[in-house]
């Protein structure tokens, strides 16, 4: 009937590639008191790894397991039919890492299910392998994950680098690291230690290859950069849509693939800038920009964020590598 409210059953969506730890994470969740409360759970397992679901746990947690082997089988009619058959209080979907995430969300639109939480698991031992060979699939999962759990970590794992790669495409994702001894940490104990420049200094000179690191770190914790002066080589973007006397010094970055290149940067005021080599800033030129960093509300952002106040702008040669990679 038109106007009738749609039944919404909460869905806990688990993403990740094969052997990333999805099944183990789900079983651990089912054993928790807050989840093991007697409510009916319907679990769609769209991938079969080495770890199998414990039948005793399924019974004890009042969980019905449905194996889905073919992506074409996982339709709105199929899902709705199972919901009608088992009438669950909640649904868990262990999604196949090789299936398109966008297709899943389109499918769920025509079902009684509503995604409540999205968690992605990552195997630290294969993180770089998948990022190098299946980056587009990994990035699509990072983009929608509320929590990313990187398990099987070691002390020497490049956690700061992995965290920046994730934050570059989804700044709101909570990134957690799970070690073999069950110790978990959110972020890094000393994020400054992983930076290629000295954040204790009042003046930061940014190397060309470090722009992406700086961009993500200041986005994450802007207060650490307030009042500091930065010198960096940047591509100049000017637009009539920007306030008078403002431009954006930035770089083009590839977060996913060649078709997903975007310009990233923070707005910069030029009211008090000095220049000994140029009188006018030109759009699309390369320049060495020295600016003070302030953290303040900006209408272009619609919120508080890093705003640069240029002290000096000098024409510069383009860097050897124009693109920034995460």
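Quick notes on this structure:
- Considering residues of region 62-82 that are over 31 Å from the mean Cα position of the chain (by Cα) and either touching a residue at least 60 places away in the same chain (Cβ under 8 Å) or loosely packed, with under 14 Cβ neighbours inside 10 Å (or both) only, the residue farthest from residue 100 (Cα to Cα): 81
- Hits in region 116-137 - residues which are in a helix (DSSP H, G or I) and under 30 Å from residue 8 (Cβ atoms): 137
- Restricting attention to region 179-197, the residues that are at pLDDT 85 or above and loosely packed, with under 11 Cβ neighbours inside 10 Å total 1.
- Residues (more than 8 Å from the chain's Cα centre (by Cα), assigned to a helix (DSSP H, G or I) and surrounded by fewer than 21 Cβ atoms within 10 Å (Cβ to Cβ)) located in region 138-159: 140
- Residue count for region 15-61, restricted to those that are farther than 29 Å from residue 103 by Cα and in contact with a strand residue (DSSP E or B) (Cβ under 8 Å, 6 or more places away or on another chain): 2
- Screening the candidates 60, 45 for the property of being in the same structural domain as residue 145 (by TED's automatic domain parsing) and either at pLDDT 95 or above or touching a helix residue (DSSP H, G or I) at 6+ places or on another chain (Cβ under 7 Å) (or both) yields one hit, 45.
- Close pairs (6 angstrom Cβ cut-off, 6 or more residues apart or separate chains): outside the structural domain of residue 223 (by TED's automatic domain parsing) in region 299-312, surrounded by 13 or more Cβ atoms within 10 Å (Cβ to Cβ) anywhere: none
Residues checked against (1) assigned to a loop (DSSP other than H, G, I, E, B); (2) loosely packed, with under 11 Cβ neighbours inside 10 Å; (3) touching a helix residue (DSSP H, G or I) at 6+ places or on another chain (Cβ under 7 Å); (4) at pLDDT 90 or above:
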| residue | (1), (2), (3), (4) |
| --- | --- |
| 233 | no, no, yes, yes |
| 236 | no, no, no, yes |
| 288 | no, no, no, yes |
| 296 | no, no, no, yes |
| 300 | yes, no, no, no |
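- For the condition farther than 27 Å from residue 110 by Cα and part of a loop (DSSP other than H, G, I, E, B), residue 57 does not qualify.
- Residues within region 261-286 that are at pLDDT 75 or above and either at negative phi or outside any loop (DSSP other than H, G, I, E, B) (or both), tallied: 16
The values are calculated or read from the model by the stated rules, or taken from the named source; none is laboratory data. Every value quoted in this text rests on a predicted model; they were computed, and no experiment measured them. Heads up, the Cβs are rebuilt from the backbone with ideal geometry, glycines too, and the neighbour counts pull from every protein chain shown.
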